[in-house]
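J.: Below are the C-alpha cells for one structure; questions will follow.
Please treat every number below as a calculation from the coordinates, not as lab data. Only a predicted model underlies this, so the values are computations on that prediction, with no experimental measurement involved. Here the Cβ is made from the backbone with ideal geometry for all residues, glycine too, and neighbour counts use every protein chain on show.
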Amino acid sequence: MFQGNFANTLDEKGRVAIPARFREALTSSGDDRLMVTAFEVSSVTCLEAYTPRDWDAFVDNLNSRTGSFSPARLVFESVYLGSAQACPLDRQGRILVPQTLRRQVDFEAEVTFVGVGKKFRIFSAAGYEKVLDAYRAMLRERPDVLNDLGV
C-alpha cells in the first residue's frame, strides 16, 4: 500500500527516483516496474502509477463492469488506458518518465509523490499545492463532503 507524500527531483533526462517507502512496497511484492498513466485531479494533470498486478486487476474490473461500447468507457480507455506505459525501475530505483507522459503533465524539476492506496500519484510540486489548496477550500465551504466516506 502506498501512503504519504514525498518530494523529489526529476532530472534533465526525465528520470525520477521512487521514494524509498514506495520502492519497499514494490520490491516486497516482487515488482520491478510500474504502469504509469496521465490523470487529472482538481484540474491539475499528474501521473498515476500502479504495480503491474494492481493495474491488471484495475483493467479486469473495468472490463467486467462496463459495456464494451459505452461512451464513458470509450473516453476512459482512450484517455487513461491509452496513455499507460510500463516503466521499469533501474538499479538506483528510478523510472524514466516517457516523453509522451512528460508532455501531458506540466512537470518542473521538483515533483511530489502522493500515495493513495494501491497506486500513487506524481505531481509537479506547484500542481500538488494547487490541489491541496482547492481541497482545503472545498472542506471549508462544505465540511459535509466527507460524509459519503463514512468517517
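J.: Quickly work out the A7-to-L132 label distance, labels modelled 7 Å from Cα along the C-beta direction, and quote it in nm with one decimal.
T.: Label-label distance for L132 and A7, simple model: 0.9 nm.
J.: Where is the GNM fluctuation largest for the chain (alpha-carbon springs, 10 angstrom cutoff): F39, F69, F58?
T.: Looking only at F39, F69, F58, the largest GNM fluctuation is found for F69.
J.: May I pose another question? Between K118 and L146, what is the label-to-label distance in nm when each label sits 7 Å out along the Cα-to-Cβ direction?
T.: It works out to 2.4 nm between the two label points.
J.: Under 19 Å from the 7 Å Cα→Cβ point of D32, by amide nitrogen: which residues of the range 63-88?
T.: Within reach of a label on D32, which here means backbone N under 19 Å from a point 7 Å along Cα→Cβ, the range 63-88 contributes 86-88.
J.: Please give me the summed charge of the neighbours of G115: other residues whose Cβ is under 14 Å from its Cβ, Lys and Arg +1, Asp and Glu -1. Let's see the in-between values first.
T.: On the way: positive: R21, R23, K118, K119, R121; negative: E24, E48, D54.
Local net charge: +2.
J.: Taking the simple approach of a point 7 Å from Cα along Cα-to-Cβ for both E40 and E108, what is their distance in nm?
T.: Label at E40, label at E108, 2.2 nm between them.
J.: Based on other C-beta atoms within 10 Å, arrange L26, L146, L34, L96 from fewest to most. Working shown, then result.
T.: On the way: L26 20, L146 11, L34 24, L96 16.
Least crowded to most crowded, the residues run L146, L96, L26, L34.
J.: Counting Lys +1, Arg +1, Asp -1, Glu -1, what net charge surrounds P88 among other residues with beta carbon under 12 Å of its beta carbon? Each step should come with its number before you reach the end.
T.: On the way: positive: R15, R33, R91, R94; negative: D31, D32, D90.
Net of charged neighbours comes to +1.
J.: Mind telling me which of D60, D31, D90 comes out most flexible in a GNM of the chain, alpha-carbon contacts under 10 Å?
T.: Result for the chain, Cα springs under 10 Å: D60 fluctuates most.
J.: Also: So for the range 14-89, considering every pair of alpha-carbon atoms, how many percent are separated by more than 21 Å?
T.: Working: 1005 of 2850 pairs.
Cα-Cα pairs of the range 14-89 separated by over 21 Å account for 35 percent.
J.: Continuing with this model, one more query. Give the distance, in whole Å, between the Cα centre of the range 15-31 and the Cα centre of the range 116-151.
T.: 24
J.: Once every Cα of the range 2-141 carries one equal point scatterer and solvent is ignored, give the base-10 log of I(q)/I(0) from the Debye formula at q = 0.17 Å⁻¹, two decimals.
T.: -0.96
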